[in-house]
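Everything below concerns the one structure shown next.
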Amino acid sequence: MLLQASSFFEMYADAPVTSIFMLRSQSGPAQLIRQEAFVTSPQVAVNEYVDGYGNLCQRLVIPGGTFTLESSVVAECSPTIDVYSDATYTPVEFLPDNVLQFLLPSRYCESDKVTDLATQITMGAAPGYAQVEAIRHWVHTHFTRQYGTTNSSTSALDVLQSKNGVCRDFTHAAIALCRNLDIPARMVVGYLHQLNPMDLHAWFEAFVGNRWYTFDALMPEPMGGRIIMAFGRDAADVAFASHFGNVQLQRMEVTVKEI
């Protein structure tokens with residue numbers, strides 16, 4: 001399927017602020033980028049670099065006053081995601097070197113502190129994909145999507161207690177539970193077709209059966225139509241915007257449509 005997606009931001013800063021954005025997608029196994037644009041007003045110099053996870057990052061200085069940024073993309077992606085319930089657990093000694101980092105506890109995913117819950121949720125599930133799906137399903141059925149109940153400091157442990165949050169919170173909880181079982185898990189951010197209400201979205205991938213599989217704890221069933229922007233250990237690695245100063249977000253609009 002061919003998707004057209006865009007994210008528009010209107011911001012205000014009292015003085016110039018250095019910022020890093022992560023809003024451009026790359027072609028890869030899951031998607032082919034046909035067209036894209038990254039436009040600011042007023043026009044400013046943009047320095048793009050690749051971070052340690054292979055994500056494209058845009059570094060710029062937001063000038064004082066009102067500033068707008070729009071990132072748009074046309075991407076060819078799959079209308080479905082791969083599902084393979086028989087994918088087995090990959091022993092740690094056989095994991096690729098670059099996957100090992102996604103086994104460790106991280107800023108928002110305290111995987112070393114959820115052993116009892118991870119064991120309880122996956123009891124009776126075959127090691128591997130079935131365990132991850134049990135975790136995804138548990139988070140989906142026990143959590144409530146509710147804006148304003150969490151913030152930028154809310155971690156997996158916090159949301160496992162409150163069971164309220166948004167997609168990043170659902171994702172952090174699922175990642176922490178997977179890693180506790182020695183299943184590598186990473187956060188993915190981007191666009192999801194037909195997400196309602198529409199927003200930038202977060203989900204996760206787990207490494208089982210010697211490859212990455214997509215899981216989304218917010219959705220009731222597997223859904224394709226995804227445009228990936230970035231991967232990382234958790235939200236600290238894949239923030240859409242990081243400001244090194246005071247910037248007020250005045251308006252944000254996200255659109256995704258099939259063309």
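Remark: spin-label model distance Glu76-Glu258 equals 1.7 nm, labels positioned 7 Å along the Cα→Cβ axis. For helix 129-142, what angle does its Cα long axis make with the longest principal axis of the chain, in degrees from 0 to 90 and rounded to 10? Long axis of 129-142 versus the principal axis of the chain: about 70 degrees.
Distance between the C-alpha centres of the stretch 64-91 and the stretch 212-259: 8 Å, rounded to the whole angstrom.
Helix 167-180 and the longest principal axis of the Cα set of the chain meet at an angle near 40°. Inter-part distance, the stretch 152-188 to the stretch 122-150, computed on C-alpha centroids, equals 10 Å.
Every number here is computed from the coordinates shown, using simple stated rules; none is lab data. In this text, all values refer to a predicted model and were calculated from it rather than measured experimentally. For neighbour counting, all protein chains shown are included, and Cβ atoms are generated from backbone atoms with ideal geometry for every residue, glycine included.
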